[in-house]
Structure formats: C-alpha cells, structure tokens
Amino acid sequence: MRSVLGQLHLNKVTKSFGDIKVIKGVTLDIQDGEFVVFVGPSGCGKSTLLRIIAGLDDATTGDIVIDGAKVNDLAPVNRGIAMVFQSYALYPHMTVFENIAFPLRVEKMPEAELTAKVEAVAKVLQLDQRLQQKPGALSGGQRQRVAIGRAIVREPKIFLFDEPLSNLDAALRADMRIELTKMHHDLAATMIYVTHDQIEAMTMADRIVVLNGGFVSQVGKPLELYHKPQNKFVAGFIGNPKMNFLPATCTAAGPDGVTVTCEGQTIMVPVEPRNGLIGKTLTLGIRPEHIHLGKGDIRFDVVPTVVERLGVNTIVYATATGAEPFSAMLPGAANVSVDTPSTIGFNAADCHLFDGADQALERRTDLHEIDMAQLAAQSA
Amino acid sequence: MSTSTPMINRYKWYEIIGIYCGIALFLIFVLSPFVEGFLVSLKPLSRLFSSPYRFWPEHGSFAAYSTMWESVPGFARYVFNSLFISGVATVVVLMLVVPAAYAFARFRFPGRGPLLGAFLAVNMFSGAVLIIPLFRLMRSMGVLNTYWAMIVPGVAFLIPTAIWLLRTYMLRIPKELEEAAYVDGASRLYTFRRVILPLAMPGITVVAITTFINAYSQQFIYALTFNSKTDYMPLPIGLFAYFGRQEVIWNELMAASFVGIAPAMIVIFFLQRHLVSGLTAGAVK
C-alpha cells in the first residue's frame, strides 16, 4: 500500500534547556514499519525526544537521520512526519472536515482531490457522519480520531504520538489501543509512541525504549524487557505491581549460576556469572506474580497490611523484613488476611540478580515466550 | 428541591437584602448625575433656576431635543466627527495591536517584559500631562487642525490597554494548535490567519469595543488643543456651542449630551453580550 520508507536513526542526540540537560545522549535505530514506544517516568525526556524527532525542538547536539538524510534543520513537514498531540490540538472553529483537510489546504491541494482524500480517511476512522460537526460536539474518542485523521491524511513516513490516550477514560483507552494497533498493521507505517502507561507500551509496541533521566535504559521487545531487564530500573518499571527487591549476599559463582544467601536461606539463581562477585552484596529481584503461598525455594513470613481482591488474583502488600514494601500477586482468592502472618515463597528460577551498580546479571531464561516459533513448537 | 441554584450561590434572605442594598447604593451614586441631566433636559429653560429647586420637572417636555438642532446647526456634524475619529482610531489600534499582542503572547524576545511594563507606565500619564510635547510633535508633523491631530494621540494612548487586554486573551489559546499547524507545514502567517485570528475574535471584539468607547470619551483634550477648525470638532467641543454669551442653554446642552452619547450606547447595547462573555472568558477557562 505504501512505498515510502520510514527509517529513523538518532545519533548521540542531546538536549539542554539552559543548564539543565534533559536528553543526555540517545542513539537509536528505528526500522521502517516498526511500532516503537518510548516509555519512562515523568521528566525522563521521552516527550522532549519526540519533539526533537518532530522538529518542534532542536537537538543541542547529535543528528536525526530519516531515510539516510540528516533532517536536523528541516521543518517538520519536510521530514515526512506527522504528529498527534496529547491535547489533540484540534482547531475548535473548524469542522471535522476542515480539521482533517488542514494539512492538505496548506499544500494547496486541488479541491476535488482534497475532498476525496478527506472522505476516505473519515471512512476509515468512522467519522464520515461527523464531517460537518465542530470538535466541540464530539466525544473524546472521536476527537482523538479526528486528530489521527489529520495525521493520516498527509501519508507521512513516520507517525509520532505524544501520549495520545492519556485524556481518555479507561474503557475508551483500551478500545483506542486496539484501534491503533490495527491501524499500524493496515498502514504499515513507522510509528513512535510516547506514553507513561506501561500497559500501552507492552501491548502495542514492537520494541520498547525505556528512558530514564535522559538516557536509554534499555531497548527491546516487550517480553524481553519483562524477562530480561538489563538493570534494576527497567526491572522495577516494567510490571505491575512492581518487582520486589531484597538484599542478598553472593556466596559462590559457577557455570550453572550464582549462589546467594537471602533471608537466611541459600539458593542458586541461574544467571550468567561474573568475576569478583563472591562476598558482594547483590540485589535480588522477584516479581509479585512469581510469589507463591507457602512454597518455594526460599520461604519467609510476611504480615499483610493491605489485601486487594481482584477476583482473578489477590494482591498482597506487606512489610517484609527489609524497609522496602513487599507485594505479592497470588492467583484467585488466596487465603491471606490483613495482620495475619503468612508464609510466602519463590523459586530461584524466577529470580533476577543485580550487582552493586544495579546492572542485571543476564538470566538463563530461554525466551520461548518471546519467540513465537518456539512457542508454537512447544504447544504442538 | 425545585431550585437548581448551586449551593455556593445560595444566600439567606437578609444576605440578599444586603446585597441589593449595596448594589442600589452604588447605582444611585453612579447614575444620579445621568438622571438629573435627563430631567434637566426635559425642563423649560425659564423654570430651571426656579426657587425652590424642583427635582421633578414641571411642564416637562422633549422640546429641547428638537430646538437643540436649531441653536447649534453644526451639532450633527460634531456627532459624526466623534464617531469618525473614534472609528478610525479603533481600526488603527486594531491593526497595530492584534499582531503586537500576538507577538507579546508568543514570541520570546529581548526586552519583552520591560516593553510591556513601559506600555503600562505610559498609561499612568494622562494625555493632559503630555499635552505640550504632544503639541510640538503634532506641529512638526504638520497635522495640527486635521482629523489626524485627534486620531494619532488617541491611538497612542489607547494601544497599551489594548495590548494588555488582547495579549492576555491570546495567552489562553493553546500553544499546541500552532505546533500542530507548524507540523502540518503551515507558515506563521497562515497559522495566524487561519487559526489564531478566528480563535481570538471574541478577544478582538472586546478590545474593539473598549477602544471605541475610550476613543469616544478621551478625544476632548486633544480636540481642544490640537484642532481649531470648527468643521473637525468632535462632540465634547461641540457641546460648548451651547454656552452662549449671556447664558448657558442648559436644557439643550443636556439633551445634546444624551443625543451625543446615543450612538456609543447603541454600539454597547448590541455588543454587550459579547463584551461580558469575552471579559469573563479571560478570567476562567
């Protein structure tokens, strides 16, 4: 359907506002047709990075390369990008038709061609009955679609989305998520999507870029980030409730893994060993969903302070022996109650280990959950 | 409860009485000169100084409203002059202020803050303080005794308020709209014309109305100083024609004042709704 390419390359991009460095050197390759999500906590620079790609802000240093051409000094329209804003940025005094037609009017496209294009886009987005209305008469989801329509109509190489769903309610957000994924499939265009919502990141992305404090913390497929986070930040950021961290002391390291003592018990975690670990204090990470009631390689008692029953599972918040709060996601209606000590446990195979610099020791998990071919072979 | 008044707007009966008393006091203070002026315009001249003074006119009639045109034949011209001067001043102010307000609202340039402050400071001087330098300026520009003599200084003193008013309005137009237009390839000027101007229209209307009213009311001092041609005299000077050699024709003077402000009143009356919604729209989102 489309012949235009949308390859993006960021080379050591930095951005400073006065003395404050917001982007501290980002190098990134995005392939044509990829759906890439920038995710990170507030102030991590993800929106700034998007604005730099869009051409709304300039990079302090570094290059932005689209399809092999450096575009640092090009206006947005000449970069072949289109952007959907968080606030939709619809023109309230224009009809839906004129809103979608705006980029074409700027191009001075002949009326007949313009009408045909706008109507085609409106049909795709189910806005054909709304063309003569003003944005004020539309619902949030429809406004969002008008904003997307205005981006599609120009047939850009790269779509940029700046937290486009954050103004919608939860149900609509889920719908729009599916629509956007479908749209990405149909248009086969490169899309870069900024969000702070990790569900959006996990569900829509081909690859996720986790940003933290102006640096890229990790780039990878959603499940890769989940199973093999490269550092403690990504481990804590991906997954909800967030991963629990416990102090552990390394006692031995061999080809099969690293042996640590945690909560007075010793386990061997299957991770890639490294020199000079023995005797060091490491951080052991365990996801709440990998915690079991009463069994596991390591077991200890916690006193639940809050119990949330969601039907499909039960989330327990407790204070463990350490200062950090501890959470567990137990399947179904688990037999736990507030202020009553319960024994919980987890298995060594589910553990993550981080060194003193918060860098992960690579896990020996086979990523069959990521590789669709392996997954198919396994279930066959 | 049948009432749909929000809780925050509900008052006890004595509070309501208090509120209305306050409003009444204020209105009496503001409106009584107008009321008396109107009553004077209804009285025959001979009865005006009758003693004891009567507030309510005896033998009241609207005769003064027709005789005023005969006593001062040029009166219609004066009213037209006033409208013309205010109208031109308003158009000139809008042409200068709309782009300026946009620049002050959106562009960061050195001296923006001080410049805005300077505009406010200019407003602290009344035109009267600067009348002598202004006179010299007008003379060297060679515009004394023309319409421009009243329009140019009027415009100069109207610009600051207009810029402040419109800048505040334009600050409320979301920046993303311009960014979206920019991303879609629109130039600054195109964005200004297609996006900013239509959205700023209520604000521009407010500025137009206030500018027109102020221009209407402030022309007195400039007309008195910079113009001596009877043909160009605006309304406030024209009213002096009712000051005869022996006596002041008070009833006709008052009638003429009311006729003179009627055009401005009509303008306000029709645009009042816009004015109010525009101004409050500037305060709350």
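A short reminder: the numbers here are calculations on the coordinates, not readings from a lab. These numbers come from a predicted model, not from an experiment. Note: ideal-geometry Cβ built from the backbone for every residue, glycine included; neighbour counts use all protein chains shown.
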Pick from A:VAL13, A:VAL106, A:VAL306 the residue whose mean-square fluctuation is largest in a GNM of chain A, springs joining Cα atoms under 10 Å. A:VAL106
Taking Cα pairs closer than 8 Å and at least 6 residues apart, the relative contact order of the range A:126-233 in percent is 18
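Taking neighbour Cβ counts within 10 Å as the exposure measure, how do A:THR27, A:THR340 sort from fewest upward? Show your work: numbers first, answer last.
On the way: A:THR27 13, A:THR340 10.
Starting with the residue having the fewest Cβ neighbours, the order is A:THR340, A:THR27.
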Rg over Rh [alpha-carbon atoms, Kirkwood Rh] for chain A: 1.04
Kirkwood Rh, angstrom, the range A:8-232 [1 / mean 1/r, Cα pairs]: 18.1
Report, largest value first, the span of the C-alpha coordinates of the range B:12-151 along each principal axis, in whole Å. 65, 57, 26
Over the Cα atoms of the protein assembly as shown, compute the convex hull volume and normalise it per residue, giving Å³. 286
Translational diffusion coefficient (Stokes-Einstein; Kirkwood radius from C-alpha pairs) of the range A:182-235 at 20 °C, 1.002 mPa s, in µm²/s: 179
So what is log10(I(q)/I(0)) for the range B:7-61 at q = 0.14, 0.24, 0.26 1/Å, when the Debye sum runs over its Cα atoms only? -0.56, -0.90, -0.97
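What does the net charge come to around A:ALA116 if you take all other residues with beta carbon closer than 14 Å to its beta carbon, with K and R at +1 and D and E at -1?
On the way: positive: A:LYS117, A:LYS123; negative: A:GLU111, A:GLU113, A:GLU119, A:ASP128, A:GLU155.
For residues surrounding A:ALA116, the net value is -3.
Explain nothing, just the number: relative contact order of chain B, from Cα pairs under 8 Å at least 6 residues apart, as a whole percent.
On the way: 254 pairs, mean separation 84.3, N = 285.
Across chain B, relative contact order equals 30 percent.
Only helices at least 20 Å long along their own axis, judged from Cα atoms, and with Kyte-Doolittle mean hydropathy of 0.5 or greater: name those in chain B from DSSP H.
Numbers: long enough: B:13-42 (39 Å, 1.82); B:75-106 (46 Å, 1.56); B:147-171 (35 Å, 1.41); B:197-226 (40 Å, 1.17); B:250-283 (43 Å, 1.18).
Membrane-span-like by this criterion, though nothing is claimed about a membrane: B:13-42, B:75-106, B:147-171, B:197-226, B:250-283.
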For a 28 Å ceiling on Cα separation, which of these pairs sit above it: A:LYS15/A:LYS221; A:LYS232/A:LYS295; A:LYS221/B:LYS175; A:LYS157/B:LYS175; A:LYS12/A:LYS280? A:LYS221/B:LYS175; A:LYS12/A:LYS280
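Provide the net charge surrounding A:GLY264, with neighbours chosen by a C-beta distance below 15 Å and charges set as Lys +1, Arg +1, Asp -1, Glu -1. Could you put the intermediate results ahead of the total?
Values: positive: A:ARG299; negative: A:GLU263, A:ASP297, A:ASP301.
Counting the neighbours of A:GLY264, the net charge comes to -2.
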Whole angstrom only: what separates the Cα centroid of the range A:122-163 from the Cα centroid of the range A:188-261? 33
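Is the range A:233-376 rounded, prolate or oblate when judged by the Cα gyration tensor, a ≥ b ≥ c being the square roots of its eigenvalues, rounded requiring a/c under 1.5 and prolate requiring a/b larger than b/c?
On the way: a/c = 2.01, a/b = 1.34, b/c = 1.50.
Oblate shape, in that a/c is at least 1.5 and b/c is the bigger or equal ratio.
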Most exposed to least, judged by fewest other Cβ atoms within 10 Å, B:ILE131, A:ILE291 sort to B:ILE131, A:ILE291
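Between the DSSP loop rule and a limit of at most 11 other Cβ atoms within 10 Å, which chymotrypsin sites (Phe, Trp or Tyr not before Pro) in the range A:201-306 are left? List each step's numbers first, then the result.
Numbers: sites: A:PHE215, A:TYR226, A:PHE233, A:PHE237, A:PHE245, A:PHE300; in loops: none.
Passing both the DSSP loop test and the Cβ count: no residue.
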In the Gaussian network model of chain B, springs joining C-alpha atoms below 10 Å, which of B:TRP13, B:TRP69, B:TRP164 carries the largest mean-square fluctuation? B:TRP13
Would you list which lysines come within 16 Å of A:LYS182, measuring only between C-alpha atoms, while excluding same-chain residues fewer than 8 positions from it? A:LYS123
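Arranged by the count of other C-beta atoms within 10 angstrom, fewest first, what order do A:ARG309, A:ARG130 take? Can you show the working numbers first?
Working: A:ARG309 14, A:ARG130 20.
Lowest count first: A:ARG309, A:ARG130.
In percent, how large is the relative contact order of the range A:8-232, given Cα pairs closer than 8 Å and 6 or more residues apart?
30
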Would you compute, from DSSP H runs of 4+ residues alone, the mean residue ellipticity of the protein assembly as shown at 222 nm, taking -39500 (n - 2.57) per run and dividing by the full residue count, rounded to the nearest 500? -14500 deg cm²/dmol
Return the inverse of the average 1/r over all pairs of distinct C-alpha atoms in the range B:65-283, which is the Kirkwood hydrodynamic radius, in Å to one decimal. 19.2
Within 10 Å of each candidate Cβ there may be at most 15 other Cβ atoms; applying that plus a DSSP loop requirement, which trypsin sites (Lys or Arg not before Pro) in the range A:94-127 survive? A:LYS108
Taking springs between alpha-carbon atoms closer than 10 angstrom, which of B:PHE125, B:PHE49, B:PHE84 fluctuates most in the Gaussian network model of chain B? B:PHE49
